Amino acid sequence: MVVAAGVGTRFGGAKQFAPLAGRRVLDWSVAAATEACDGVVVVVSPGVEAGVRFGAPTEGRAEVVAGGSTRPASVRAGLARVPDDAEVVVVHDAVRPLARPSLFAAVIAAVRSGADGAVPGVVPSDTIKRASGATVVETLDRSSLVAVQTPQAFSAQALRLAHRGEPEATDDAALVEANGGKVQVVLGDPRNIKITTPDDLALAEAFLADRLPPSSGARVGLGFDAHALSEDPHRPLVLGGVTFTGERGLAGHSDADVVAHAIADALLGAAGLGDLGEHFADTDERWKGADSIGLLAEVVSMVQGAGLRATNVDCTVVLEAPRLAPRRAELERRLAETVGAPVSVKATRAEGLGALGRGEGVACWAVARLAPRRPGDA
């Protein structure tokens, strides 16, 4: 659950929708939650839920609901949409956009190990004093203190019980503690800051610059994919998002579009974001029969989120049939629209060498060039 229902009084507006390194603050938080959790509920201020939309890779994977007048009320609104069979519920503040998926994983693991709740905590680096007005009352032993962050994970049962009676508190861990639950502290991240003022936004930009790939110059990635011909006579052949009617299709978990897959891998490689299988595993039923142009669009969004943009893509398709030349312009146009940059498509035969030469499948090599995103890039 990503809680994004604040009004941002100190910030001067709804800070969760403020731009941050090419995305909204909210988008960074939702992306991390989507990567770490099976489902995501985003809680926003009442009356704005209909207008909140997400692009790839979170599009269609986050449910947006209206929150309440207080933070606990908003959490309860989100809890009402969490499936009854959920075992662990993670609550994260949308205005902590630098939380990594690994931090989500750490608090989830603590709950799965038996804790009722788990919170990230960092030991304060400053001396902490308790004061009454302008007078110091005592100096606290900071070795026993932690500054608590989100994401916070809870046993779903413990969290639902803690919210019975509609109690109020500054965070959900306090409610679980008050209800007798055991809350464990895991190592937090000092850079997991909360956006409260415009200065915090500037600091987050600086931290993200360290996390994103170097942007001092061009980056180049190489992608490759190959698929055998399918035994299913009704499976269509799809190359570069274009369907070749009457041609024998390729076997694969998705639509087996080797051109789109090779380009996606080239883009991911250039951006330092892993490979296609890491993000869209062929063991995941969500991608069974998937439109690979849609997957390519999600990859383009990931690349843009990393502060990069494609400048051009070049690919070579190896196949015996069909001839691509008559539809080459159509492929290039379809791919360029998706990538947001010129794409060239060439085709060649394997001249009888190996499985490709015998016409048993199709392969594609792709090279992508990326550059830093510029102000005003879509």
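Below is a table of values for the structure above.
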{"item": "Restricting the range 224-247 to residues that are of a type in the set (D, E, K, R) and buried (at least 17 other Cβ atoms within 10 Å of the Cβ), the residue that is farthest from residue 332 (Cα to Cα)", "result": "235"}
{"item": "Residue that is surrounded by the most Cβ atoms within 10 Å (Cβ to Cβ) [pool: residues in the range 75-92 that are part of a helix (DSSP H, G or I) and of a type outside the set (Val, Ile, Thr)]", "result": "78"}
{"item": "Subset tally (residues that are touching an Asp or Glu at 6+ places or on another chain (Cβ under 9 Å) and either of a type in the set (Asp, Glu) or within 27 Å of residue 373 (Cα to Cα) (or both)) for the range 17-58", "result": "10"}
{"item": "Breaking point among (1) within 20 Å of residue 295 (Cα to Cα); (2) within 29 Å of the chain's Cα centre (by Cα), for residue 218", "result": "(1)"}
{"item": "Some residue of the range 311-325 being in a helix (DSSP H, G or I) and at pLDDT below 90", "result": "yes"}
{"item": "Residue 275 being within 25 Å of residue 231 (Cα to Cα), of a type in the set (Asp, Glu) and surrounded by fewer than 20 Cβ atoms within 10 Å (Cβ to Cβ)", "result": "no"}
{"item": "Which numbered condition residue 220 misses (of (1) modelled with pLDDT under 95; (2) closer than 30 Å to residue 94 by Cβ; (3) of a type outside the set (Phe, Trp, Tyr))", "result": "(2)"}
{"item": "Exclusive hit being of a type in the set (A, V, I, L, M), outside any loop (DSSP other than H, G, I, E, B), under 22 Å from residue 195 (Cα atoms) and not assigned by TED's automatic domain parsing to the domain that holds residue 299, set 7, 41, 111, 95", "result": "41"}
{"item": "Any chance residue 353 is aliphatic (A, V, I, L, M) and surrounded by fewer than 16 Cβ atoms within 10 Å (Cβ to Cβ)", "result": "yes"}
{"item": "Selection status of residue 32, at pLDDT 90 or above, among the small types (Gly, Ala, Ser), part of a loop (DSSP other than H, G, I, E, B) and under 23 Å from residue 118 (Cβ atoms)", "result": "no"}
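The values are calculated or read from the model by the stated rules, or taken from the named source; none is laboratory data. Keep in mind it's a predicted model, so treat the numbers as computed, not measured. Using ideal geometry, Cβ is built from the backbone for each residue, glycine included, and neighbour counts are taken over all protein chains shown.
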